Each structure stands twice: as structure tokens, then as C-alpha cells.
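These notes concern the structure reproduced below.
Derivation of every value follows stated rules applied to the coordinates shown; laboratory data play no part. Every value quoted in this text rests on a predicted model; they were computed, and no experiment measured them. Using ideal geometry, Cβ is built from the backbone for each residue, glycine included, and neighbour counts are taken over all protein chains shown.
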Amino acid sequence: MRIFSLLVLLLVGCQSTSETPLSEQQQTQVGNYTAQIEHYRQALAQRPGDIKVKQKLATLFYLNGDNESADFFAEQVLEQSPVHGDMYFVRGQVAMNRQNYVYALRQFQKAIHCKQPYADTGYLFINVGIVNAMIGDYEKAIDYTNKARLLGYETRAVKNNLAVIAMSQGDYKTSLELLEPIMKQYPEDESIRVNAGVSMIALGYLQQAKLLLGDDYPLAVRSLAESQGENTL
């Protein structure tokens with residue numbers, strides 16, 4: 001089986017943030033990455049060799065949704081000094097966005113094992129788990145997801161992703177057992193709700209699934225049929 005193509009099922013969860021000057025924190029809270037990018041772009045014009053400025057730009061461009069610029073600056077940093085785990089992580093994230101999961105996995109592994117590993121290990125491991133799930137290595141996906149769990153990573157993302165891995169292997173009973181507790185805690189979470197609904201359909205709990213999914217029910221049915229390579233109700 002493969003990951004369901006029509007629904008966004010995997011969760012990354014919340015990343016912890018490193019300490020930054022208050023003005024940057026305030027700008028980030030309102031999503032004002034453009035202002036920060038302009039600040040560091042001007043700094044780079046004055047100090048073209050400043051590796052820390054390039055690191056900031058790589059991260060900010062990624063957060064602002066500019067994958068090409070993020071990848072460019074991360075690559076420049078690593079060419080100067082191939083020891084920065086945060087830059088391997090940015091390149092892995094960009095590769096994930098481009099659905100180049102094998103390359104993303106290589107970058108994440110470098111982020112783990114380089115001289116200055118990426119600091120937020122739980123967030124890194126949850127992403128490694130996602131990438132392994134996407135390429136069908138479910139054993140490693142479970143292993144890394146649970147490694148994130150042992151580091152205190154967000155329960156909602158951990159359980160949801162373990163449920164998706166179970167679904168991908170046809171184990172809908174396990175997936176529903178994983179999802180039910182967090183669905184009660186986070187009823188507003190669309191990914192969890194849809195995942196639980198798909199699991200209910202697969203188990204034959206059609207009325208419950210219709211009540212849970214509402215207008216999303218036909219989409220969930222199609223997704224399940226596509227994942228199984230067969231027609232369903």
C-alpha cells in the first residue's frame with residue numbers, strides 16, 4: 001500500500017524556536033518574514049562573507065515559502081563550512097516540498113551526523129519519520145517517529161503519523177485506536193478527523209464515518225479506493 005494521495009495526512013507538529021532578538025520574535029509572530037529578509041539582505045550587501053547572515057537568510061526564505069532562495073543560501077553556507085546541521089535541515093525541508101524524498105532523507109541524515117547537528121532533534125526525527133513513510137520504509141518511519149516521541153515531541157503529531165503508517169500497511173484497527181484519543185482532544189484538526197474517517201470506512205463503520213466527515217466523505221472514499229487499488233462503497 002501507499003500513502004493516500006488525495007488527503008494531507010501527515011503532521012509535522014510544532015517546532016521549538018531558538019532565542020532571537022525581541023524585534024525578530026515580534027515580526028515572526030505576525031509572519032513578517034519579508035522585513036527580516038530585507039534586513040539580512042542589506043547586512044549581506046555590507047558583509048558578503050558573513051556565514052551567519054547567509055544562515056539567517058536560508059532559514060527565513062524557507063519560512064517565507066521561497067524554496068529556491070532557501071536552497072541557494074543553504075548551499076552557499078555548506079560550501080563555506082559543511083558542518084551546519086541547520087542548513088542540511090533546510091535543504092531537506094526544501095526537498096520534501098519538492099517531493100524529492102530520497103534526497104531529503106540524505107540531507108536529514110547529514111543534519112543528524114554532521115559536526116554541528118541540528119539542535120531540535122525531535123523536530124528533525126519527526127521529519128525523518130515522514131520521509132521514510134513517503135518512500136515506504138515503514139519500519140524506519142515508526143522508529144524515528146518513536147524517537148521523536150521519546151524526546152517529548154508533540155503527542156498529536158506522533159500519534160497521527162503512526163496512524164498514517166498503520167493505514168499505509170492496511171492496519172486500520174490500529175490507526176483508529178491511535179486516532180480516537182487525540183480526535184477527542186483536537187476536534188478541530190482536519191488531518192486527524194479525515195484519517196479517522198478513512199479508517200472507519202475501511203473497517204465498515206460507514207454511518208459513523210459519514211457523521212464525522214460530512215462533505216469530505218466522498219473524497220475519503222475515493223482516497224481509500226485509490227490506496228487499495230480497488231472500488232469501495
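Here are a few things to note about the model shown:
- Here each label is just a point 7 Å from Cα along the line to Cβ, and for Ile135 and Thr121 those points are 2.2 nm apart.
- Stokes-Einstein translational diffusion, the stretch 46-100 - Kirkwood Rh over all Cα pairs, 1.567 mPa s, 4 °C, in µm²/s: 119 µm²/s
- Over all other residues within a Cβ to Cβ distance under 14 Å of Tyr217, the charged ones net out to 0, with Lys and Arg as +1 and Asp and Glu as -1.
- Charge context of Phe61, other residues only, Cβ under 14 angstrom, K/R +1, D/E -1: -2
- Proximal lysines to Lys54, defined as alpha-carbon separation beneath 24 angstrom and excluding residues fewer than eight positions away on the same chain: Lys110, Lys115
- Given their separation in residues at 0.36 nm each and the Cα-Cα distance between them, Leu151 and Asn97 gain 16.9 nm when the chain is fully extended.
- Between Arg47 and Glu190, the distance separating the two model label sites (each 7 Å from Cα on the Cα→Cβ line) works out to 4.2 nm.
- For Lys184, the lysines whose Cα falls under 19 Å of its own Cα, not counting residues fewer than eight places away in the same chain, are Lys159, Lys173, Lys210.
- Qualifying GluC sites (Glu not before Pro) in the stretch 142-199, where qualification requires a DSSP coil assignment and no more than 13 other C-beta atoms within 10 Å, comprise Glu188.
- Cα-Cα pairs of the stretch 119-206 separated by more than 17 Å (percent): 46 percent
- Convex hull volume per residue in cubic angstrom - Cα atoms of the stretch 171-228: 70 Å³
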